[in-house]
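Just below is one structure, and these are the notes that go with it.
The values are calculated or read from the model by the stated rules, or taken from the named source; none is laboratory data. Note that this is a predicted model, so its numbers are computed, not measured. Cβ placement follows ideal geometry from the backbone for every residue including glycine, while neighbour counts extend to all protein chains displayed. Each accessible area value is taken on the protein alone, full model and side chains, heavy atoms only, with ligands, DNA and RNA left out. Shrake-Rupley method; radii C 1.70, N 1.55, O 1.52, S 1.80 Å.
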Amino acid sequence: MLRFLVGFFLIISVIHTEQVFANTFVFTAIPDEDESKLRSRFDKVATYLTNQLAIEVKYIPVKSYGAAVTAFRNNQVQLAWFGGLSGVRARALVSGSTAIAQGVEDPNFQTYFIAHSSTGLKKSSNFPIIIAGKTFTFGSKGSTSGRLMPEFYIRKHFSKSPNKVFSRVGFSGNHSRTISLVQSGAFQIGATNFQVWKKDLAAGKIDTSKVSVIWETPSYPDYNWTIRGDVDKNFGSGLIERVKTALLNLKDPDLLASFPRKGFIPASNADFRPIVTVGKQIGLIE
Amino acid sequence: MLAVSVISWIYADIEIITQDPWNEVMRMVTGIVTPDFLETDNLITAIVNTIAFAILGVAFGNFLGFFLALAFHIRLVRAGCAFIRAIHELFWALVFLQVFGLSALTGILALAIPYSGIFAKVYAEILEEADTTSLKTISQSTGRISIFVFVRLPDAWIHFKTYSLYRLECGLRSSAILGFVGLPTLGFHLETAFAEGKYSEASAILIIFFLIIATIRKWSHAKLVPLYIVVSLMVIPWGLSDISITNVIRFFTEDIVPHPFRVSGPIDMITFASFFAWITTLFMDQALPGIIATIILTQIALVGAGALTLIFFPLISPKFFGFFGRTLGHIFLVITRSTPEYILALIFLLLWGPSMLPAVIALALHNGAIIGHLMGRYTESMVLRPDAPKGINLYAYDILPKIYRQFLAFLFYRWEVIMRETAILGILGITTLGFYIDSAFADLRYDRAILLIIITAILNLGIDVMSRTIRARLRLRTRVDLL
């Protein structure tokens, strides 16, 4: 038995000795929707970037928006697919970092307020004041479309914090989870990312007899690819431009479905100024 | 005690919110009977990481704890150990994630630091209680080190070994749980699977987890420990970049400095005024509601755990059930106490919606199963009178009165543990202190997070002192190596 165990563990150690990623270009993405198979989905993007950039590119999965920002700040990842708010936070922490690309949909992003059928609420073009006193779930605590913007509109229309407006406030963790929590009736109202809603609707994951959209926010800028300023120095000059070109040239629908976006267009730090303003207004950015 | 809990119950937020839980229950049951071992990405790596982190964390904590135990007569060491073990592994992990990022060091230290505080305390108690007769037989000129190594240590060694094995089991549970905050262990995939409703995948991961825990005595030979440590060091992911000393310095000199001090130029009266405002807001808006929710949840869960213990312990007691019944009882209790309470709470949360109820039931079940197991074993050695009654009369008039003091001792001992777990459930959205700590980390406000963690630790220390005073007053004794 002893000898068997010794052999067994030696074999495991040989197979599993972690390769050292010295000078590997690493990226991550905020876990904003269905978190299973994150690695299989984004490893394909890593392969695409490896081929385009002719350097080794790896993806690491993270469990939260905050962890994505921390990894970027600590230079454990050099490139990240952030939301509006997490991108602004990350760029404030790493001087010289820039937003280089965004989804075609991102300059005009929206949050959908959704409701369980038992509330009897129907879609309207005005903010649904009637949601006061009901139960409400945001997405992740650090999300733009699932937290920042819905909280902004709630405060704007009620002049009160969400805790005082609703009988119960929750944070589901991500957008697909917000939809399923409202669909199951665990919460009466929720706020979710419109892209994830459309994707889940097309995939047949949403039962529209149980949950429906009751209000769409005005549009705002959201997701972006942000890169550290020091990668040109550490990985060869011109890398930032090459990463940008590679992202803008990404046309494979299978890869784009991971985000989910139709394609990528150029972005700059200035595009996200509205997010900074709103973030300061509701106290999520100091 | 009971009165406090009744009052807590009145103020607690316990309702069942979901409209249609049966649908979810059916999907869970289907998932449990159809485990899918191929669904999870990198499952083998997660298994290897879970075991490796546990081995290294426990080994390193053991090593540190041993030396701390030798200095345990120093008040400062005792207080320091109490403080570091009052902070839950997950909070340590959240702190180290900021400093070392997603690296092996984060996982190892998150386990080793609180464990060293626990090891120090237990080892110090073992040494204190060790048989001293052999000390009388040695010559007076023997040096202090020789006395320790050749006389006192051999006696205590076997207890150290037994306790280390028990801690390894805890370490495996903790290591898996670290996945919930992003380390690449089983918890990473388990949390995702549950939250996404992929119950076949979740059940496969849980089965693997139970198998690792259940077979622990088969593979944890003392002789193999050095090999395990070497192999673990080789397999764990050391991270994607070097540990950067600037990150460490930045964390201590900038990140955790309260915001008013960080942004002010010269420190003057205005800085202190805004610091006062900062800390008042933090206390009134977050710490105070967090403390109240934490205490309410702890008290209800404690009484719940007590009540369940009284139901659970006969299940494995030879005084009440035959071999077959006891085996079923054992399986039930093993599953209930090995499933991390965080996972139990997550399951109930999916079923009943986001109130305090899921947390209460999860904590009561988990702790009830642990104390129930200990009490059941305790009854094994009891000798009954030849004319002892049977069934319910035996339970109520003979066994229960005899074990009641022991039961209270264990329950009070678990008090502080339950409070520590309560804080952690905040990450699931139950508004205990852990909820506000998690929010502070999500907002990258480390100054707030650290202050709230310190408040949590002080609260735990308070409960610890209180529980010890009560146990001393009631003259209740517990064997520490049992818990």
> Do any residues in the stretch A:265-286 that are in contact (Cβ under 8 Å) with a residue 12 or more places away in the chain and part of a helix (DSSP H, G or I) have Cβ atoms under 6 Å from those of residues that are surrounded by 14 or more Cβ atoms within 10 Å (Cβ to Cβ) and β-branched (Val, Ile, Thr), where the two are at least six apart or on different chains, and which pairs are they?
Replying inline: A:269/A:98; A:272/A:88; A:275/A:88; A:276/A:88; A:279/A:285
>> On the basis of being surrounded by 24 or more Cβ atoms within 10 Å (Cβ to Cβ) and either among the polar types (S, T, N, Q) or within 27 Å of residue A:181 (Cα to Cα) (or both), does residue A:69 make the cut?
In response: yes
> Regarding residue B:304, is this residue modelled with pLDDT of 90 or more and either buried (at least 17 other Cβ atoms within 10 Å of the Cβ) or among the β-branched types (Val, Ile, Thr) (or both)?
Replying inline: yes
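Please specify each residue of the stretch A:207-225 satisfying the condition of being small (Gly, Ala, Ser) and open to solvent by 60 Å² or more (accessible area, probe 1.4 Å). I'd like the intermediate steps shown before the answer.
Start the filter on the stretch A:207-225 by keeping residues that are small (Gly, Ala, Ser), which leaves A:209, A:212, A:219.
Answer for the stretch A:207-225, where residues must be small (Gly, Ala, Ser) and open to solvent by 60 Å² or more (accessible area, probe 1.4 Å): A:209, A:219.
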> Within the bounds of the stretch B:97-105, is there any residue that is within 21 Å of the chain's Cα centre (by Cα) and not aliphatic (A, V, I, L, M)?
Replying inline: no
> Out of the residues in the stretch B:386-429 that are assigned to a loop (DSSP other than H, G, I, E, B) and without any contact (Cβ under 8 Å) to a residue 12 or more places away in the chain, which is nearest to residue B:93 (Cα to Cα)?
Replying inline: B:390
> Which condition does residue A:235 not pass, out of (1) aromatic (Phe, Trp, Tyr); (2) surrounded by fewer than 20 Cβ atoms within 10 Å (Cβ to Cβ); (3) within 14 Å of residue A:103 (Cβ to Cβ), if it passes all the others?
Replying inline: (3)
> Quick check: anything in the stretch A:183-200 open to solvent by 20 Å² or more (accessible area, probe 1.4 Å), of a type outside the set (S, T, N, Q) and within 14 Å of chain B (Cβ to nearest Cβ)?
Replying inline: no
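Taking the conditions exactly as written (hydrophobic (A, V, I, L, M, F, W, C) and within 27 Å of residue B:461 (Cβ to Cβ)), does residue B:95 satisfy them or not? Reasoning before the result, please.
Details: hydrophobic (A, V, I, L, M, F, W, C): yes; within 27 Å of residue B:461 (Cβ to Cβ): yes.
Considered against the rule, which asks whether it is hydrophobic (A, V, I, L, M, F, W, C) and within 27 Å of residue B:461 (Cβ to Cβ), residue B:95 comes out as yes.
With B:203, B:244, B:220 as the choices, which residue is within 11 Å of chain A (Cβ to nearest Cβ), of a type in the set (Ser, Thr, Tyr) and buried (at least 16 other Cβ atoms within 10 Å of the Cβ)? Let's see the steps before the verdict.
Values: B:203 fails: within 11 Å of chain A (Cβ to nearest Cβ); B:244 fails: buried (at least 16 other Cβ atoms within 10 Å of the Cβ).
Unique residue meeting the criteria: B:220.
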> If the Cβ limit is 8 Å and pairs must be 6+ apart or interchain, which residue in the stretch B:282-296 that is in the same structural domain as residue B:428 (by TED's automatic domain parsing) pairs with which residue that is charged (D, E, K, R)?
Replying inline: B:282/B:448; B:286/B:448
>> Tell me whether the stretch A:44-59 contains one or more residues that are within 22 Å of residue A:277 (Cα to Cα), more than 9 Å from every other protein chain (Cβ to nearest Cβ), crowded, with 17+ Cβ neighbours inside 10 Å and among the aromatic types (Phe, Trp, Tyr).
In response: no
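When you go through B:355, B:338 one by one, which is the residue that is closer than 22 Å to residue A:186 by Cβ and open to solvent by less than 10 Å² (accessible area, probe 1.4 Å)?
Working: B:338 fails: closer than 22 Å to residue A:186 by Cβ.
Result: B:355 is the single residue among B:355, B:338 that is closer than 22 Å to residue A:186 by Cβ and open to solvent by less than 10 Å² (accessible area, probe 1.4 Å).
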>> What are the pairs with Cβ atoms under 8 angstrom where one residue, in the stretch B:252-279, is surrounded by 15 or more Cβ atoms within 10 Å (Cβ to Cβ) and the other, located anywhere, is polar (S, T, N, Q)? Sequence gap at least six, or different chains.
In response: B:255/B:98; B:260/B:271; B:260/B:274; B:271/B:264; B:274/B:264
> Only one of (1) within 20 Å of the chain's Cα centre (by Cα); (2) within 14 Å of chain B (Cβ to nearest Cβ); (3) of a type outside the set (S, T, N, Q) is not met by residue A:247, so which one is it?
Replying inline: (2)
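Within the stretch A:133-146, does at least one residue satisfy the condition of being away from every other protein chain (no Cβ under 14 Å), touching a Ser or Thr at 6+ places or on another chain (Cβ under 8 Å) and surrounded by fewer than 18 Cβ atoms within 10 Å (Cβ to Cβ)? Outline the logic, then answer.
Residues of the stretch A:133-146 that are away from every other protein chain (no Cβ under 14 Å), as a first pass: A:133, A:145.
Next, only the ones that are touching a Ser or Thr at 6+ places or on another chain (Cβ under 8 Å) stay: A:133, A:145.
Imposing the further condition that a residue be surrounded by fewer than 18 Cβ atoms within 10 Å (Cβ to Cβ) reduces the set to A:133.
Within the stretch A:133-146, one or more residues are away from every other protein chain (no Cβ under 14 Å), touching a Ser or Thr at 6+ places or on another chain (Cβ under 8 Å) and surrounded by fewer than 18 Cβ atoms within 10 Å (Cβ to Cβ).
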> Hey, does the stretch B:312-321 have a residue that's of a type in the set (Phe, Trp, Tyr), within 20 Å of residue B:169 (Cα to Cα) and buried (at least 23 other Cβ atoms within 10 Å of the Cβ)?
Replying inline: no
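Hey, does the stretch A:148-157 have a residue that's free of Cβ contacts under 8 Å to residues at least 40 places away in the same chain and open to solvent by less than 30 Å² (accessible area, probe 1.4 Å)? Walk me through it before giving the result.
So the first thing to find is which residues in the stretch A:148-157 are free of Cβ contacts under 8 Å to residues at least 40 places away in the same chain, and the list is A:154, A:156-157.
Now narrow it down to the ones that are open to solvent by less than 30 Å² (accessible area, probe 1.4 Å): A:154.
Looking through the stretch A:148-157, at least one residue is free of Cβ contacts under 8 Å to residues at least 40 places away in the same chain and open to solvent by less than 30 Å² (accessible area, probe 1.4 Å).
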> Which ones in the stretch B:37-54 are within 11 Å of another protein chain (Cβ to nearest Cβ), open to solvent by less than 20 Å² (accessible area, probe 1.4 Å) and under 20 Å from residue B:221 (Cα atoms)?
Replying inline: B:48, B:49, B:52
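Criterion first (among the charged types (D, E, K, R), buried (at least 23 other Cβ atoms within 10 Å of the Cβ) and modelled with pLDDT of 95 or more) does residue A:228 satisfy it?
On the way: among the charged types (D, E, K, R): yes; buried (at least 23 other Cβ atoms within 10 Å of the Cβ): yes; modelled with pLDDT of 95 or more: yes.
Spelling it out, residue A:228 is indeed among the charged types (D, E, K, R), buried (at least 23 other Cβ atoms within 10 Å of the Cβ) and modelled with pLDDT of 95 or more.
Against the definition (surrounded by fewer than 23 Cβ atoms within 10 Å (Cβ to Cβ), hydroxyl-bearing (Ser, Thr, Tyr) and either touching a Lys or Arg at 6+ places or on another chain (Cβ under 7 Å) or under 30 Å from residue B:247 (Cα atoms) (or both)), how does residue A:95 come out, yes or no?
Details: surrounded by fewer than 23 Cβ atoms within 10 Å (Cβ to Cβ): yes; hydroxyl-bearing (Ser, Thr, Tyr): yes; either touching a Lys or Arg at 6+ places or on another chain (Cβ under 7 Å) or under 30 Å from residue B:247 (Cα atoms) (or both): yes.
Taking the combined requirement at face value, the residue satisfies it.
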> Tally time: how many residues in the stretch B:84-98 are open to solvent by 10 Å² or more (accessible area, probe 1.4 Å), assigned to a helix (DSSP H, G or I) and in contact (Cβ under 8 Å) with a residue 60 or more places away in the chain?
Replying inline: 5
>> Anything in the stretch A:244-254 that is surrounded by fewer than 17 Cβ atoms within 10 Å (Cβ to Cβ), of a type outside the set (Val, Ile, Thr) and in a helix (DSSP H, G or I)? List them, or say none.
In response: A:248, A:253, A:254
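Considering only residues that are closer than 14 Å to residue A:211 by Cβ and away from chain B (no Cβ under 14 Å), which ones fall in the stretch A:118-130?
In the first step, residues of the stretch A:118-130 are kept if they are closer than 14 Å to residue A:211 by Cβ; the result is A:118-123.
Across the stretch A:118-130, the qualifying residues are A:121, A:122, A:123.
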